1. Suppose we filter 102, 148 for residues that are within 41 Å of the chain's Cα centre (by Cα) and surrounded by fewer than 17 Cβ atoms within 10 Å (Cβ to Cβ); which single one remains?
2. Please work out if residue 478 is under 24 Å from residue 535 (Cα atoms), open to solvent by less than 30 Å² (accessible area, probe 1.4 Å) and touching a residue at least 24 places away in the same chain (Cβ under 8 Å).
3. Among the residues of region 198-205, are any outside any helix (DSSP H, G or I) and of a type in the set (D, E, K, R)?
4. Which of the residues belonging to region 564-618 are in a loop (DSSP other than H, G, I, E, B), open to solvent by 50 Å² or more (accessible area, probe 1.4 Å) and closer than 19 Å to residue 538 by Cβ?
5. For region 155-191: of the residues being of a type in the set (Gly, Ala, Ser) and modelled with pLDDT of 85 or more, which is least open to solvent (accessible area, probe 1.4 Å)?
6. Could you grab me the full set of residues in region 380-439 that are among the β-branched types (Val, Ile, Thr), more than 23 Å from residue 615 (Cβ to Cβ) and in contact (Cβ under 8 Å) with a residue 40 or more places away in the chain?
7. Taking region 123-145 as the region of interest, how many residues are under 22 Å from residue 207 (Cα atoms), surrounded by 18 or more Cβ atoms within 10 Å (Cβ to Cβ) and in contact with a strand residue (DSSP E or B) (Cβ under 9 Å, 6 or more places away or on another chain)?
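The values are calculated or read from the model by the stated rules, or taken from the named source; none is laboratory data. Predicted model, so just to flag it, every value in this text is computed and none were measured. Backbone-built Cβ (ideal geometry, glycine too); neighbour counts: all protein chains shown. In case anyone asks, the SASA skips ligands and DNA or RNA and just uses the protein heavy atoms, side chains included. Shrake-Rupley method; radii C 1.70, N 1.55, O 1.52, S 1.80 Å.
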Amino acid sequence: MIRWSLSAELFSAILLALLLLSYRGKDQVLTRRRKMYLVCLWLSMGSILLNVLCVLTIDRAHLLPLWLNLLLNSLYFFSVVILSTVMAAYLFELILEHVYDGHCLRRAHRLLAFLGLLYGAVVLWNLRSGVLFYFDEGHVYHRGPLNGLGYLFLTVELAALVLCYLRNRPSVSRDMVQVMRTLPPLVVLLMVFQQLFPEILLNGAIVTLADLVLYISFQSRRVELDSLTSVGNRISFQTELALRLDGGQRFQVILAALQQFADVNRRFGHQMGDAFLYEVARELERRFPQGRVYRFSNVEFALLLPFPEDGGEARLRLLQERFAQPWTLGSAQAVLNVRLAELLHDGQAWTSGQVLEYLEYAMNLARREGAPLVRFRQEMARALQRQKDLVALMRQSLRERRFRVWYQPVWESAAGAFTSAEALLRLSTPAGEPISPAEFVPLAEENGLIDELSWLVLEEVCRLLSSGAAPGLESVSINLSMQQFLDPGLIPRLRGGLEAHRLAPHRLKIEITERVVAQDAVRTAAVMEELSRLGIRFYLDDFGTGWANLSCALDLPFQCIKLDHSLLAAYPDSPQSRKLVHGLLSLFHDMGVQVVSEGVETQAQADALCQRGVDWLQGYHLARPMPEEELCAFLARHAAPGRAAQL
């Protein structure tokens, strides 16, 4: 009878115990995959302990009933069947975790089930035939002719795993690639070693080695988990996208952005706010078990799901219905408003970077339009490319100084002449096609170019005013962006520009909107007060658009209020419009503030406004925006006073 060495098995049991303690002690959500790994650890430990017990009872077989030894050894062979089947199933799932098509996984499960049942039948047959093991009349243990059959089954499973890995290599994660490069060769070497040295039991070492390799792989994944919610982070999301795309998978991505979440933190504190984020992640995992959840950014979650056969409407509706309901944690209850962006990949030649870019574009579009849901479509990709081309054109135009400042003359009623103008930035393509400021200015703000553009305008305006080339031009107004107005260097730069061109400060007017004020009302007021002391005057722009309001006009030192062109849409034909415009004129004049009326498009509008005492008129009926050369010629033609009758 062989005298077996248990040293390798006992050492393996110690390693498994350490793995179990470490794994169970981690603060992780037990997903299905983690549960499977935990089952593998316990089955490995059970198999090793059962093997050790069998060796001990075999050594004392003459002291024990024969049926007990038969039972224990049969249970051990059964445990090997169950362990190898479960571990192989787990490895198949890791290989195919990024493959939505379930055909390969189903075939793998059928193969494992067949091998497991076949080996189990052999174990039962062994009780009568002794093909695996038997005890002679002296209760001495003997290996049967098919004792190594388990290694054959293990070899078949390894071959199936390798074949599956090779067929799906583009969709296999980086960690699993490393596992497949190391684990099968090591297992084969240990099996060969076991056959050469049968007295050293290595079955436990083989499974422990597999558990250890997988554990190390798990640890490397921790850096790709969000520490707060334990779901994947943005890095793992992008990795997953790349694997899906490389494998030609069809999928749906939903980006869910929580709105006004700062209110939750203010009401309940940041700790409870974090608890709500954790609960959102758990709820998404519960409601979409077929997909994966990632924390895309601070209060944004991404869902990566199999391609929906119904077009995806059911999932989107489920999300919207859930977020329409309140979320309750203990005594805290909050409604978490959500905005959704969705993208479907159905074979398009996209990269993971493009998918992320498209998702963020769709979400930005949802925010800009105030829409609860935006579904990405191909025309959006063209619009996004147009934006990228425009940003590149703006950068190039800044380098090559191709931006131009145009001016729209403004009529002063009291002087009866064009005495002011508004500076407007213009851009054209290299082919000469004009690009609307409504298109490129927001892009400049989003991409950090607006400051450079605004200073360009300031420099051009100061140069024009100091040149004397524009007869009768007393002042020019410029628009300042939010970023620029809150820049600590604004005041020194404005003062420096005026001094460099020897300009009186009152010749420069600054137009700002309430959006600028709202960014930092205290700082805005302080800057306006200091610039007002220098002699620079301010216009409140876009009054009537929903941003500007009376409190803003009352609280800050505005010289003029610019009535938005939308207020003149029905003026003067509509009685309601006349009442509104005339009421505003009277109100602002009573406050000691002048009024500029923008968007004057007809003679009737100009006449009615002048009769009501408007201070300034601006619009296409009077003069369109024009380059500097045309402005100078235009003002030269209209330099004489007393031309109000010609408006």
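1. Values: 148 fails: within 41 Å of the chain's Cα centre (by Cα).
102 is the lone residue from the list that is within 41 Å of the chain's Cα centre (by Cα) and surrounded by fewer than 17 Cβ atoms within 10 Å (Cβ to Cβ).
2. On the way: under 24 Å from residue 535 (Cα atoms): yes; open to solvent by less than 30 Å² (accessible area, probe 1.4 Å): yes; touching a residue at least 24 places away in the same chain (Cβ under 8 Å): yes.
In short, yes.
3. Within region 198-205, the first condition is being outside any helix (DSSP H, G or I), and the residues that meet it are 198-202.
Checking which are of a type in the set (D, E, K, R) leaves us with 199.
Yes - at least one qualifying residue is present in region 198-205.
4. Going residue by residue through region 564-618, those that are in a loop (DSSP other than H, G, I, E, B) are 564, 569-574, 591-593, 598-602, 612-615, 618.
Of the ones still in play, those that are also open to solvent by 50 Å² or more (accessible area, probe 1.4 Å) are 569, 573, 591-592, 601-602, 612.
Answer for region 564-618, where residues must be in a loop (DSSP other than H, G, I, E, B), open to solvent by 50 Å² or more (accessible area, probe 1.4 Å) and closer than 19 Å to residue 538 by Cβ: 591, 592.
5. From region 155-191, those of a type in the set (Gly, Ala, Ser) are 159-160, 171, 173; that's our starting set.
Restricting the remaining residues to those that are modelled with pLDDT of 85 or more gives 159-160.
Numbers: 159: 59, 160: 22 Å².
Among residues in region 155-191 that are of a type in the set (Gly, Ala, Ser) and modelled with pLDDT of 85 or more, the one least open to solvent (accessible area, probe 1.4 Å) is 160.
6. Our first condition is that a residue be among the β-branched types (Val, Ile, Thr); within region 380-439, this holds for 391, 405, 410, 419, 429, 435.
Add one more test, that the residue is more than 23 Å from residue 615 (Cβ to Cβ), and what stays is 391, 405, 429, 435.
Result: 391, 405, 435.
7. Step one: list which residues in region 123-145 are under 22 Å from residue 207 (Cα atoms), which gives 123, 132-133, 143.
Remaining after also requiring surrounded by 18 or more Cβ atoms within 10 Å (Cβ to Cβ): 123, 132-133.
After this cut, where a residue has to be in contact with a strand residue (DSSP E or B) (Cβ under 9 Å, 6 or more places away or on another chain) as well, the list is 132-133.
The qualifying residues number 2.
For every residue, the table says whether it meets (1) of a type in the set (S, T, N, Q); (2) at pLDDT 90 or above; (3) open to solvent by 70 Å² or more (accessible area, probe 1.4 Å).
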{"site": "330", "(1), (2), (3)": "no, no, yes"}
{"site": "342", "(1), (2), (3)": "no, yes, no"}
{"site": "347", "(1), (2), (3)": "no, no, no"}
{"site": "372", "(1), (2), (3)": "no, yes, yes"}
